[in-house]
Amino acid sequence: SNHRVHIAPRQTQRPTRFTQSSCPPSKGGNAMGDDHAHILTSSIKQYLGDKSTEKRHQAACDLMKNVRESFQEICREVQEKQLGPRELATELAVAHERVAAVIKTLAVEFCDCAYYNRRKGGLMALATVVVALEHSGVKEHTESVIRPVLICFSDENNEVRLAACEAFYNIAKVARGFLRPHLHDIFDGLCRLYADVDNGVKEGAQIADRLVKDIVTEFRDFDYPSFVPALFSRIQVLNPSVLQLILDWIELLDSVPQVDMIAYLPQYLESLFNILRSENRDIRHKAEVFLNDMLHEIRTAVAERPPRAQRAIADASAIVARCCHAGERRHEDNYVRLTALLWLEEFVQLQCKIDLTVGFPEEPEASPRADAPHGEVAVPGRTSLRHFRASSDSSRVAGGVAAAAAVAADAADARSGAVGGGGVGGGPARGLKQLVPVLLKGALHCLDDVEGEIRQRAESANAHLRGAAKCLRDDLPVEAVVEAMLDVMRDGGGVRECSPAVLLKCFGWAQLLIAECPRRVMQPSVRDRLLEAALGALARSKDEVAVAALRLVTQLVTPGDGDAAPDGGCAGVSQAMGANCDLFARTCHRIFRHMAEDEDSTAEGGRCELVVRKLCEGADVRGQASGNGVAERFFSMAAQAVEAGTDLQFAPRFVRVLNRVLLTSRETRGLRARLRDEALAAPRPGEERSTVNGRGEIPADLVKLLCSWFHCPISTLALCLWLHWFEFAAEITARLTRMDLTPELHLELRSLIQLLESPIFIRVRLQLLDTKRRPALLRTVLGLVALLPQEPALRARLDIVETGLYLDRALGGWGGAGEQRQASSMAAKQEVAASGKAMAVTCP
């Protein structure tokens, strides 16, 4: 039967469905006239612009009849005159020229007309011309016909846009494969129609889109490499209807065996993650399903085709890490970050499995596919994930040849070094080496998320990354990891402050780098950057952050085992260790300047005390390991800084902090033991020459420490008492009695009394029982009583001394050893009882 475009009479202003049409075989007929006016007559032109739908429909049908009859006449003339192939080709060329003139007239005078009824008539006429030409004759007219139709997709009138959809549908039914060169423009027009405000136009676009999909999947030689990037370039649009269109196309392409969606993963992955924040549930669900399918396909590729999986992981890792930063911590962005963390953790585990692969057998290399991106090797038997799931056992067996080709392709990928300059078997853990610093940013960024589930997932991802880093050992990319850490620490500089949780994990990574690659971390280019970050974190309010930063500082600036000189200073060490000592000194002085600027930090229990303790803790550990107390260097530098400083207000505050740490902190136990031994072996200041007995001179370190302590008389008094320099302590107390008792001095004296009652001064209190041999100590206590007459701890201490004197008088002096032991025992019992009541400061 003869074919004609079936256009239903318009019951309303917006018809919503098209009828299908088929193309009949051409028939012979009489010769056509020389002028194309015989085809596009004046009456047809008149009625094509009529406002009546029926008249436009009839005019379009008449035009189709005229086009057909013109070709039929040529066929009859060829048969009657028995013309040869050359004459037939000439006649057909003339006929096609007349049709081209008709198409041009319709495009210029109708489709580009200001009146929308003429535009609708022109579109209808173009469709009828194509139907009349049939598939075999439309090829050379495809571009001239499709161009005005695509222009009308953006027409201001919704009825014209609907007519353009209808015309395109009928043209595409005939032209089919001839539309492939114009598919980019067609898809762009479909995107505009899907975003249309008119529902009728949207439904027409959906019908046209289904036909285009059929045409694309119909041809195996379709140019997918050029179309797929054009498709993904539009995935970032916000219109939900357009997103629906693009997701449908992505799903379609994944079902096409010729298209490897894993190879195109970097082009659309980030946009799919962004779609997860959409308010449209259907779109969000479709994107989620497709993401899960892609991740499952990568998992499958790890076991079957490791190089393909490694390339996908390497290409997508930066995108996944970036998606962990999605949004501004808004609620709708939570699922994006959570899904990205799931991919991040999965990538680390999969890459570890890939790196365990020894290598691949030597296989004949497959020829590169011309349409594959990034030089991908052609795999004829590749099927999509959905096809794989739906395939039967027999289809899997039948795909054995394709599987062999896939193995050959993987071998070629491995030899060519698709990822990181080497395949899976090209070197130890090359994939992890590049993956860890890239993914680290994403994991660290989410550690302080407000959502508990995201925090837990980030903790798990960070743990997997640390495990992977430990597997790398000396092959760790130290510079890249440090750069990633510092980027995260600077991340919230202008918007929000980097949280303590993130800072602690960053410092934990720095500790890991020092443990695994100490030499590379100690390179100045790396060490100085870490040191700057750690020193900057000392100003944070959280003590745990400051402790972690100080621990890192001490590891970066103190020399390693066996690096220090025997005398505890920097003399005699190697040139490298000399530089390290210099760095330690510069760092300490920088910390001192920061303390001077912050007055509150030097208060009792403030940040200054914490800094000093932790610096001594780290230094002391290094010192014990090397047999050289490096902690002494810190106090030596602190003493020098106090002496050379000009800030007379900061000096006494700083000396008080140093004194508390030196006398009470567990971190300075080693230093205290050395100072006590030196003090006992040296002559005491103020001691009579007859009692020195050739004990040499006071060590220079003690003299230097004592001179700097003079900025705070109470601290000097406490140090002298602890060193058993009682004559010096008595002299200091006598001078204190001649000073004005200011409120600040009064508070310092009360703190000294509490310190004297602490366990650290138990030897001093026992010496106080022997008043005959320690008169200077008794004078010191009496001087303190004169300064603080109402202090109960001092009065209790004097009661004990008085008890001892009574016992001494009752026993007639220290005549016998037995009486002496009894008196000492009784006084010691009273000492213990008094200490239990009055002790206010304890020391671990």
Can you give the accessible area per residue of the range 218-268, in Å², using a 1.4 Å probe?
36
Between A318 and V785, what FRET efficiency comes out of the Förster formula 1/(1 + (r/R0)^6) with R0 = 51 Å and r the beta carbon distance, rounded to 0.05?
0.10
Under 25 Å Cα to Cα from K704, which lysines show up? Leave out anything in the same chain fewer than 8 places away.
K614
When the Cα atoms of the range 65-187 are enclosed in a convex hull and the volume is divided per residue, what value in Å³ results?
93
Computed E for H296/D248 - FRET, C-beta separation, R0 22 angstrom, nearest 0.05
0.65
Can you list the HN-Hα couplings for the range 108-123, worked out from phi with the Karplus curve (6.51, -1.76, 1.60; θ = phi - 60°), rounded to whole Hz and with x for Gly and Pro?
7, 7, 10, 5, 9, 7, 6, 8, 5, 5, 5, 5, 5, x, x, 5
Using only alpha-carbon positions, what ratio does the radius of gyration of the range 295-337 give when scaled by 2.2 N^0.38 Å?
1.47
Long-range amide H partners of I262 with built H, under 5 Å:
none
Beyond 27 Å, the calculated P(r) of the range 121-279 holds a percent of Cα-Cα pairs equal to 24
Straight-line reach only, C-alpha to C-alpha below 22 angstrom: list the lysines that K81 could link to, leaving out same-chain residues fewer than 8 apart.
K27
Please compute the modelled spin-label separation between R210 and E532, points set 7 Å along Cα→Cβ, answer in nm with one decimal.
6.3
What ranking do 293-304, 643-654 get when scored by the average of other Cβ atoms within 10 Å per residue, highest first?
293-304, 643-654
Along the range 255-269, Karplus-curve 3J(HN,Hα) (6.51, -1.76, 1.60; θ = phi - 60°) to the nearest Hz, with x for Gly and Pro, reads 8, 8, x, 6, 10, 9, 5, 5, 5, 9, 3, x, 7, 10, 5
Please list 3J(HN,Hα) in residue order for the range 536-546, calculated via the Karplus relation 6.51 cos²θ - 1.76 cosθ + 1.60 where θ = phi - 60°; whole Hz, with x for glycine and proline.
x, 6, 5, 7, 5, 6, 6, 5, 5, 5, 4
For E451 paired with L356, estimate the spin-label separation in nm (one decimal), with each label point 7 Å from Cα along the Cα-to-Cβ line.
3.1
Lysines within cross-link reach of K202: Cα-Cα under 25 Å, excluding same-chain residues under 8 positions apart?
K51, K120, K173, K213, K286
So, by mean Cβ neighbours within 10 angstrom, what's the order for 522-529, 197-204 with the highest one leading?
197-204, 522-529
The local net charge around E516, scoring Lys/Arg +1 and Asp/Glu -1 for residues other than E516 whose Cβ lies under 12 Å from its Cβ, equals +3
With every protein chain kept in the model, how would you rank S317, S42 by accessible area, 1.4 Å probe, largest at the top?
S42, S317
Burial order of peptide ranges 453-460, 537-544 (average beta-carbon count within 10 Å, highest first)
453-460, 537-544
Quick calc, the range 123-167, dipole around Cα centre from Cβ unit charges on Lys, Arg (+) and Asp, Glu (-), nearest 20 debye, gives 100
How would K120, K45 line up by accessible area, probe 1.4 Å, largest first?
K45, K120
Distance in nm between pseudo-label sites at E544 and V703 (7 Å out along the Cβ direction from Cα):
4.8
1/(1 + (r/R0)^6) with r = Cβ-Cβ of Q82 and A37, R0 = 35 Å, i.e. FRET efficiency to nearest 0.05, evaluates to 0.75
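The values are calculated or read from the model by the stated rules, or taken from the named source; none is laboratory data. The shown structure was predicted, so the numbers you read here are calculated from the model rather than taken from an experiment. So basically every Cβ, Gly included, is an ideal-geometry build from the backbone, and we count neighbours across all protein chains shown. Surface accessibility is based on the protein's heavy atoms, side chains included, excluding ligands, DNA and RNA. Shrake-Rupley method; radii C 1.70, N 1.55, O 1.52, S 1.80 Å.
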